[in-house]
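Report on the following structure.
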Amino acid sequence: MKVLGICGSLVKSGNTEELLKYALQLAHKEGVDTQLITLADKSIKDCIHCNWCLNRQKKGEFCTIKDDMVPLYQLVMEADILFLATPVYLGRLTGPLANFLDRIRCIEFGSVYTNCLADKIGAAFAVTWGRNAGVETALMSITEAFLMLDIIPCGAHMSPFGAATVSSIHGTGEFDSQDRLQVLKDEWGLNTTRMVVERALTLGRIMKAGKASPGL
């Protein structure tokens, strides 16, 4: 199996990227191929809903917009599982990650690239500063996108919408200037991450085995 991780934070090597690295490392230990893409150094415009992809799409041309999204389409299509990670600012996913999700509609509903996302497994990961600062609504905003794109979302017991983590000390907002990666000390958050990764890999294996069965 292949897992593609997309980091929606504009902070390089910050809490969100490190959490995603941790999740991908867990998958890699299970013998899964993994790759991390950060959107921090990419320019991805939002979908303008011109519907070019629905009517005039061509082989090798996914979308009429030519930007840093172009090389990502093939990576997404090749992946069995998507790990999407976002920091939480206003109780939702970030703008760059929203643009990424909006733009991959062209490989699910395109006239040439159709159903390329259907039945992939999707897992959401979110990092919030404060414990009650919108982590679940951020996870739900990613999960809703998965559902719209025919991607199968997965969560875990006690963390049904995805992995919920905090980047301040115990989620209280207290800051340690000597350690800017507090997410790696959030034991409960890392536990939910492990549960979500395990569930995603289980569903990925089931889906892959099912598609290999005769008649499917």
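Evaluated over the Cα positions of the stretch 65-216, the convex hull gives a direction-averaged projected area, one quarter of its surface, of 10.3 nm². In the chain, the calculated helix contribution to ellipticity at 222 nm averages -11000 deg cm²/dmol per residue, counting -39,500 (n - 2.57) for every DSSP H run with n ≥ 4.
Given 4 °C and 1.567 mPa s, how large is the Stokes-Einstein diffusion coefficient of the stretch 53-126 in µm²/s, with Rh as the Kirkwood radius over Cα pairs? Once the numbers are plugged in, D ends up at 98 µm²/s.
With all protein chains in place and a 1.4 Å probe, the accessible surface of the chain carries 54 percent carbon and sulfur. Rounded to two decimals, what ratio of Rg to Rh does the stretch 1-125 give with C-alpha atoms and a Kirkwood Rh? Reported Rg/Rh, Kirkwood definition of Rh: 0.97. With R₀ fixed at 30 Å, the C-beta to C-beta distance from Asp46 to Leu75 puts the FRET efficiency at about 0.95.
When only Cα pairs below 8 angstrom with a gap of at least 6 residues are kept, the stretch 99-144 shows a relative contact order of 23 percent.
For the pair Leu10 and Lys211, a Förster radius of 35 Å applied to the C-beta separation gives a FRET efficiency near 0.45, rounded to the nearest 0.05. Considering the stretch 18-81 at the alpha-carbon level, its Rg and Dmax are found to be 15.0, 42 Å. Multiplying each eigenvalue of the alpha-carbon gyration tensor of the stretch 161-215 by 5 and taking the square root yields semi-axes of 37, 9, 7 Å, largest first, rounded to whole angstroms. The mean accessible area for residues of the stretch 4-153, using a 1.4 Å probe and ignoring ligands and nucleic acids, is 44 Å² per residue. The mean sequence separation of alpha-carbon pairs under 8 Å and at least six residues apart, normalised by the residue count of the stretch 62-216, gives a relative contact order of 21 percent. Over 28 Å apart at the Cα level, from the set Lys12/Lys208; Lys29/Lys66; Lys120/Lys185; Lys2/Lys42; Lys12/Lys45; Lys59/Lys208, are Lys12/Lys208; Lys29/Lys66; Lys120/Lys185.
The values are calculated or read from the model by the stated rules, or taken from the named source; none is laboratory data. Because the structure is a prediction, the values reported are computed rather than measured. Don't worry about glycine lacking a Cβ; one is built from the backbone with ideal geometry, like all the others, and counts go over all protein chains shown. Note: areas computed on protein heavy atoms with side chains; ligands, DNA, RNA excluded. Shrake-Rupley method; radii C 1.70, N 1.55, O 1.52, S 1.80 Å.
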